[in-house]
Amino acid sequence: MATLHQPAFDSSPIAVRRARPDDAPVCGRICYKAFTKISTAHAFPSDFPSVEVATGVLSMMFAHPGFYCVVAESGGQILGSNCLDERSTIAGVGPITIDPEVQNRGVGRALMEAVLARSAERGCQGTRLLQAAFHNRSLSLYTKLGFDTREPISAMQGPPIKSPTPGYSVRPARVSDLEECNRLCRSVHGHDRSGELRDAIEQRTAVVAEGERRIVAYATVIGSFGHMVGESNNDVQALIANADAFLGPGILVPTRNAGLFRWCLENGLRVVQPMTLMTVGFYNEPAGAYLPSILY
């Protein structure tokens, strides 16, 4: 078998199969190398700071029953991987990564077509992803595969604000909050993210903001791997201001929401990377404030 640094990309066809937990170490190395190479080439920080972090994320996803994950192989060698979050009625794609040594050979298309076929087979209302705005090739590929550009997103990072917000109480989310949070998400987006939220409550990363004795905002994680929903900008700002840190590359702020974007800048956060929210299938303009996750 060829090593990671000597890709066996000869005349062998690309085969896509379901990922196994023991694929995670190889896929983690590819993921780290791919993100680091493209980000460094455009003077942006990598989404994954180390091979270990990338491997840990993929290990979780490959083993989780709520994710459908695939790898692409040629000549018996893994060339890349992709994942589909199936925990809610809208599916989320990513991370998709291909060994830089075999870029532009159709591997990315094969991996994307595999998860889109899976989403269609399951009858998902829609499929979404967050695309690195500086990556022209992926923008072109996703558009050709049917994705529509919906929203410019700014990944933002900085020191925690830690400023109490009068009129709000922020606390850990409980299982008993699930339906109220789902109703809030449906009122803003037209769908809920119940499976993801339930996982976050069980993992004790989810938080809610209460105003006037009711939940007005919630977050699964305050960082790129979590999403946030609120009735208004003030509601999500209460959660952001209470956070101890912004995990991963940072929080993902819809750039068109000028009020929220400006508030983040005024409170010491800075833009570290531009991204693009892209969708296939069901989508409606959000009727409130929100932060997407890195998956959607």
Those residues of region 115-163 which are under 15 Å from the mean Cα position of the chain (by Cα) and part of a loop (DSSP other than H, G, I, E, B) amount to 133
Does region 176-196 contain at least one residue that is surrounded by fewer than 20 Cβ atoms within 10 Å (Cβ to Cβ), among the hydroxyl-bearing types (Ser, Thr, Tyr) and closer than 15 Å to residue 237 by Cα?
no
Of (1) under 24 Å from residue 230 (Cβ atoms); (2) surrounded by fewer than 21 Cβ atoms within 10 Å (Cβ to Cβ), residue 156 fails just (2)
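Would you confirm, using the coordinates I've provided, whether residue 245 is part of a loop (DSSP other than H, G, I, E, B) and not polar (S, T, N, Q)?
Criteria met by residue 245.
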Looking only at residues that are at pLDDT 95 or above, within 20 Å of residue 289 (Cα to Cα) and touching a helix residue (DSSP H, G or I) at 6+ places or on another chain (Cβ under 7 Å) in region 159-175, which one is surrounded by the most Cβ atoms within 10 Å (Cβ to Cβ)?
173
Any idea how many residues of region 209-224 are closer than 17 Å to residue 251 by Cβ and out of contact with any Ser or Thr (no Cβ under 6 Å at 6 or more places or on another chain)?
8
Condition first: over 19 Å from the mean Cα position of the chain (by Cα) and at pLDDT below 95. Now tell me which residues in region 16-40 satisfy that.
37, 40
For the condition touching a helix residue (DSSP H, G or I) at 6+ places or on another chain (Cβ under 7 Å) and either in the same structural domain as residue 257 (by TED's automatic domain parsing) or surrounded by 15 or more Cβ atoms within 10 Å (Cβ to Cβ) (or both), what is the one hit in 111, 130, 141, 116?
141
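Looking at 112, 60, which one is under 21 Å from residue 17 (Cβ atoms), without any contact (Cβ under 8 Å) to a residue 12 or more places away in the chain and not in a loop (DSSP other than H, G, I, E, B)?
Answer to the check: 60.
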Here the residues within region 79-91 that are polar (S, T, N, Q) and either part of a strand (DSSP E or B) or surrounded by 24 or more Cβ atoms within 10 Å (Cβ to Cβ) (or both) are 81, 82
Flag if residue 208 is free of Cβ contacts under 8 Å to residues at least 60 places away in the same chain and closer than 27 Å to residue 258 by Cα
yes
So which pairs qualify, if the first residue must be in region 146-175 and in contact (Cβ under 8 Å) with a residue 24 or more places away in the chain, the second must be among the acidic types (Asp, Glu) and surrounded by 13 or more Cβ atoms within 10 Å (Cβ to Cβ), the Cβ gap must be under 6 Å, and the two must be at least 6 apart or on different chains?
169/210
With respect to residue 203, determine if the residue is within 27 Å of residue 255 (Cβ to Cβ), surrounded by fewer than 21 Cβ atoms within 10 Å (Cβ to Cβ) and of a type outside the set (Phe, Trp, Tyr).
no
If residue 239 meets every condition in (1) in contact with a helix residue (DSSP H, G or I) (Cβ under 6 Å, 6 or more places away or on another chain); (2) among the aliphatic types (A, V, I, L, M); (3) not in a strand (DSSP E or B) apart from one, which number is that one?
(1)
Mind checking which residues of region 15-57 are in contact (Cβ under 8 Å) with a residue 24 or more places away in the chain and in contact with a Lys or Arg (Cβ under 8 Å, 6 or more places away or on another chain)?
54, 55
Looking at region 92-108, can you tell me whether even one residue there is surrounded by fewer than 20 Cβ atoms within 10 Å (Cβ to Cβ), touching a Gly at 6+ places or on another chain (Cβ under 9 Å), in contact (Cβ under 8 Å) with a residue 60 or more places away in the chain and not in a helix (DSSP H, G or I)?
no
Checking residue 263 against (1) closer than 25 Å to residue 43 by Cβ; (2) part of a helix (DSSP H, G or I); (3) out of contact with any strand residue (DSSP E or B) (no Cβ under 9 Å at 6 or more places or on another chain): exactly one of these is not met. Which one?
(1)
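The values are calculated or read from the model by the stated rules, or taken from the named source; none is laboratory data. No experiment lies behind these values; they were computed from the predicted model shown. A quick note on method: Cβ atoms are made from the backbone with ideal geometry, for glycine too, and the neighbour counts reach across all protein chains shown.
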